[in-house]
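Here the structure comes first, spelled out in C-alpha cells, and everything after it is commentary.
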Amino acid sequence: MQKHILIVEDEPAIRDMLAFALRKGDFVPICAADGRQAQECIAERVPDLILLDWMLPGSSGLELARRWRRDATSRAIPIIMLTARGEENDRVGGLEAGVDDYVVKPFSARELLARIRAVLRRSREDDEDGSVQVGALRIDGAAHRVFADEAGTAQPIPMGPTEYRLLHFFMTHPERVYTRTQLLDHVWGGSVYVEERTVDVHIRRLRKTLEPHRLDAMVQTVRGAGYRFSTAV
Ligand code: CA
C-alpha cells in the first residue's frame with residue numbers, strides 16, 4: 001500500500017519539488033502551506049509521515065511538532081524536519097520537540113527518499129515487535145503503547161516514535177552497556193545521516209517521559225562508555 005506523506009511547506013516551488021520527488025518514489029504526497037492546512041489534512045486522514053518545514057508563516061515547524069507530539073491523533077506520526085544549512089541549534093531543538101530526523105536544504109531527492117524510507121522502516125519494525133515487560137514498565141507491542149504499573153493500575157506513558165523504539169530496544173536488552181554508536185546501529189538502523197549526539201537528545205527526552213512515573217533512573221549513563229537500561233536503580 002502506498003504511504004501518504006504530508007508536506008508542510010509555504011514556498012510553492014519547494015512544495016511542488018517535494019511532491020514530485022515523493023510521487024517518483026511511489027509515495028502519495030499531500031500538500032499544506034501552513035499549520036492550519038496541515039491540521040485539516042491530519043483530521044481528514046492521518047498521514048504515514050510528515051515532512052515539516054522549519055520556517056513557516058504563523059506557527060513555526062517547531063511549534064507544530066510540539067503540538068502534534070502532545071496530541072493523541074498525531075503523536076505516533078514520524079516527522080522529518082526541513083531546515084536551512086547552519087541551523088545547528090535549531091536541529092537539536094527540533095529533536096527535543098519530538099522530530100525523528102531532519103534534512104538540510106538544499107537536499108537531493110535521493111537523500112530525501114532514503115531518509116523517508118529509513119524512518120518508515122523503523123516505525124514498521126516497531127509495529128512488528130512484540131510486547132515486553134521489565135519491572136514496572138510494560139510495552140504493548142500491538143497497541144504500540146507504553147504503560148507504568150502503579151499501585152496495580154496501568155498508567156499510559158505517551159511518547160514519540162523514536163523514544164518508543166529506544167525504550168523497546170533497552171527493555172529487550174536490559175542490564176548491558178551500549179555505546180552511542182551501538183545504539184545508533186540498533187535503534188536508528190545505522191543511518192549515515194544521524195550524529196551521535198542525537199542519541200543523547202533522545203535519551204534526555206526518554207528520561208523526561210519516564211520522570212513523572214519515577215522510572216527515569218532505569219535509563220543510566222555509564223561514564224565514558226554509553227548507556228544501560230537497568231532495574232537495579
Ligand atoms: Ca519556509
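Quick look at the numbers
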{"quantity": "Test: residue in the range 213-228 that is part of a helix (DSSP H, G or I) and of a type in the set (S, T, N, Q)", "calculated": "no"}
{"quantity": "Matching residues in the range 118-149 - criterion: being modelled with pLDDT under 85 and of a type in the set (Asp, Glu)", "calculated": "Glu125, Asp126, Asp127, Glu128, Asp129"}
{"quantity": "Out of Asp200, Asp185, sole residue that is part of a helix (DSSP H, G or I) and either farther than 17 Å from Glu163 by Cβ or over 21 Å from the mean Cα position of the chain (by Cα) (or both)", "calculated": "Asp185"}
{"quantity": "Answer from Phe147, Phe170 - the residue that is in a helix (DSSP H, G or I), in contact with a strand residue (DSSP E or B) (Cβ under 8 Å, 6 or more places away or on another chain), hydrophobic (A, V, I, L, M, F, W, C) and closer than 21 Å to Ala232 by Cα", "calculated": "Phe170"}
{"quantity": "Where a residue in the range 2-14 is among the aliphatic types (A, V, I, L, M) and its partner, wherever it lies, is part of a loop (DSSP other than H, G, I, E, B) and more than 9 Å from the ligand (Cβ to nearest atom), with Cβ under 7 Å and at least six apart", "calculated": "Ile5/Phe27; Ile5/Pro47; Ile5/Asp48; Leu6/Pro47"}
{"quantity": "Residue check, Arg145 of a type in the set (D, E, K, R) and in contact with a Pro (Cβ under 7 Å, 6 or more places away or on another chain)", "calculated": "yes"}
{"quantity": "Where a residue in the range 45-62 is under 15 Å from Ala97 (Cβ atoms) and its partner, wherever it lies, is within 11 Å of the ligand (Cβ to nearest atom) and part of a loop (DSSP other than H, G, I, E, B), with Cβ under 6 Å and at least six apart", "calculated": "Asp53/Glu9; Leu56/Asp10; Leu56/Asp34; Gly61/Trp54"}
{"quantity": "Enumerated helices (runs of 4 or more DSSP H) restricted to the range 1-75, each holding at least 1 residues that are of a type in the set (S, T, N, Q) and more than 13 Å from the ligand (Cβ to nearest atom)", "calculated": "35-44"}
{"quantity": "Arg138 farther than 20 Å from Val194 by Cα and either among the charged types (D, E, K, R) or not in a strand (DSSP E or B) (or both)", "calculated": "yes"}
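The values are calculated or read from the model by the stated rules, or taken from the named source; none is laboratory data. Predicted model only: the values in this text are computed from it and were never measured. For neighbour counting, all protein chains shown are included, and Cβ atoms are generated from backbone atoms with ideal geometry for every residue, glycine included.
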